[in-house]
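Each remark here refers to the structure printed beneath this line.
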Amino acid sequence: MATEARPTTDEGGRTGKVGFWLLMVGVVIMLAGLLFGYDQGVIAGALEGIQSSFHLSTTMSEVIVSWVTLGALFGALVAGTLADRIGRRTTVLLAAGLFTVGAFVEALAPGTAVLVVGRFTVGFGVGVASVAAPLYAAEQAPTRLRGRFVSTYQLAITIGIFIAYFVDQHLTNNDAWRGMLGASAVPGVLLLIAMAPMPDTPRWLIGKGRRDDAAKALHKVRPDVDVDATLDAIEEAARAEDADRASWREVFSKSLRKPLMVGIGLALAQQLTGINAIIYYADTIFAKAGFATPADQAAATTWAVGGVNVLATFIAVAYVDRFGRRPLLLAGLVGMTVSLVTVGLCFHWMDGADTSGAGTGGPTTAGIITLVALVVFIASFAFSLGPVVWTVINEIFPTRVRGRAVSFATAVNWGAAFLVSQFFLTLIDDIGTSNTFFLFAAVAVVSFVWISRKVPETKGRTLEEIEAIWEHHDPVATQRAAGEL
Ligand code: BGC
């Protein structure tokens with residue numbers, strides 16, 4: 001049996017069957033995504049209740065919204081070191097524990113100070129999980145499923161956002177915010193339960209010199225793969241590299257500059273094209289577009305933003321390993337640019353027109369076009385930058401620095417999310433709604449040009465083959481010359 005194996009780490013296994021434990025890896029990544037998404041979405045509806053319970057000032061409201069993102073930024077930074085030191089599995093467990101505790105603190109908070117501590121703790125847990133869980137899945141998944149596993153994570157994020165919008169829309173009594181925030185303990189506890197019986201990744205165990213444990217782990221999750229040949233290949237890629245010795249300095253070393261720039265660039269492109277301005281402020285945008293009643297706004301947000309986000313993510317889950325990363329990213333950016341420009345034009349038009357009629361019975365024509373354009377934007381993001389950015393960030397770094405490098409790129413992502421969500425309303429006040437959307441469109445155009453030149457295709461390559469891509473002076477040009485693009 002062993003002699004038939006090809007000497008790559010990730011050939012899909014002889015039967016290609018997805019066994020129980022591999023499925024459980026999918027469950028882990030799903031729960032981590034749910035937890036991330038729920039917390040992204042929930043505050044939109046919880047804030048009003050919190051404001052009336054605690055009589056919050058504007059600044060305090062902003063702190064309560066944004067400290068989750070801030071906590072996540074720090075969590076993401078720490079997660080890389082943790083994932084390299086104590087392992088991917090223990091790090092996910094820790095994140096789930098922190099998250100659960102944080103959710104209870106939020107739900108029971110007697111005042112704002114405790115609530116802020118709860119928000120930060122939850123954010124910290126989300127940040128740690130946002131690094132450790134995809135890393136865990138990328139390292140456990142066979143090559144042919146890797147993209148799909150990581151995009152399952154994105155699918156779960158979008159489902160989490162949708163559930164949060166839905167819960168928000170339906171819980172309306174005054175103290176409901178405690179239930180909304182406390183409910184996020186559910187995915188936390190489920191994640192703890194799902195992760196407990198799982199082994200760590202063979203790659204991490206090999207890095208720690210624990211080949212026997214790596215063999216057991218590999219055999220458990222991928223029983224149909226040739227254990228020795230696979231571990232040999234992992235060892236070869238990790239040879240002469242000790243996970244502990246990979247310092248932060250190394251993450252920023254010249255030899256890693258190319259993948260690091262790709263990771264940072266993609267993280268920035270994902271956030272600075274405005275996705276979270278829409279996720280957090282959809283109600284506000286729809287109100288400006290003439291959706292007069294809060295019920296209309298909430299319905300538009302839940303279905304046009306939340307629902308479409310989930311549906312379009314299925315496209316990526318199905319096709320990311322078939323079409324490849326680059327075509328999805330580039331196609332998505334075209335759709336995003338067109339819709340952002342359309343939204344900008346509509347607001348320009350509405351600002352010029354007399355919008356006082358908005359209250360007379362529903363959205364104007366420009367309002368309807370804005371809704372359609374936002375649906376196109378969300379759909380385009382959801383099949384491209386949403387999932388693919390996470391997939392690529394988790395596969396482009398060499399094993400010995402993967403933990404820290406991924407955590408750095410993820411922290412950049414959270415930092416950019418923090419900036420956009422913090423300053424979106426200010427930008428609207430300062431330069432106007434239409435110019436704000438034109439600005440996002442400009443970032444989308446720049447991202448398109450940069451991706452087409454700098455982001456190589458990673459579809460169908462083992463993690464070890466991807467390491468070799470960076471040895472070329474210009475990876476994209478090399479792939480193009482070889483007829484691979
Ligand atoms: C992003 C989040 C965003 C979500 C929307 C994710 O890929 O990282 O910031 O809220 O997509 O679906």
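For residues that are more than 10 Å from the ligand (Cβ to nearest atom) and of a type in the set (S, T, Y), scanning just segment 267-285, find the one that is surrounded by the fewest Cβ atoms within 10 Å (Cβ to Cβ). Checking each candidate, the answer is T284. Taking first residues from segment 416-427 that are over 18 Å from A44 (Cβ atoms) and partners that are part of a helix (DSSP H, G or I) and open to solvent by 40 Å² or more (accessible area, probe 1.4 Å), the Cβ contacts under 7 Å between residues at least 6 apart in sequence or on separate chains come to A416/L268; A416/L272.
Residues that are outside the structural domain of D351 (by TED's automatic domain parsing) and within 30 Å of W450 (Cβ to Cβ) occur at least once in segment 202-219.
Only one of the listed residues (L439, L419, L425) is open to solvent by 60 Å² or more (accessible area, probe 1.4 Å), within 16 Å of the ligand (Cβ to nearest atom) and assigned by TED's automatic domain parsing to the domain that holds V338. That residue is L419. Filter segment 67-98 down to the residues that are open to solvent by less than 10 Å² (accessible area, probe 1.4 Å) and of a type in the set (S, T, Y), then identify the one that is modelled with the highest pLDDT. Per the criteria, the residue is T91.
The values are calculated or read from the model by the stated rules, or taken from the named source; none is laboratory data. A quick note: this is a predicted structure, and the numbers were derived from the prediction, not measured. Here Cβ is always computed from backbone atoms with ideal geometry, including for glycine, and neighbour counts include all displayed protein chains. What goes into the accessible areas is simple: the full protein's heavy atoms, side chains included, and nothing from ligands, DNA or RNA. Shrake-Rupley method; radii C 1.70, N 1.55, O 1.52, S 1.80 Å.
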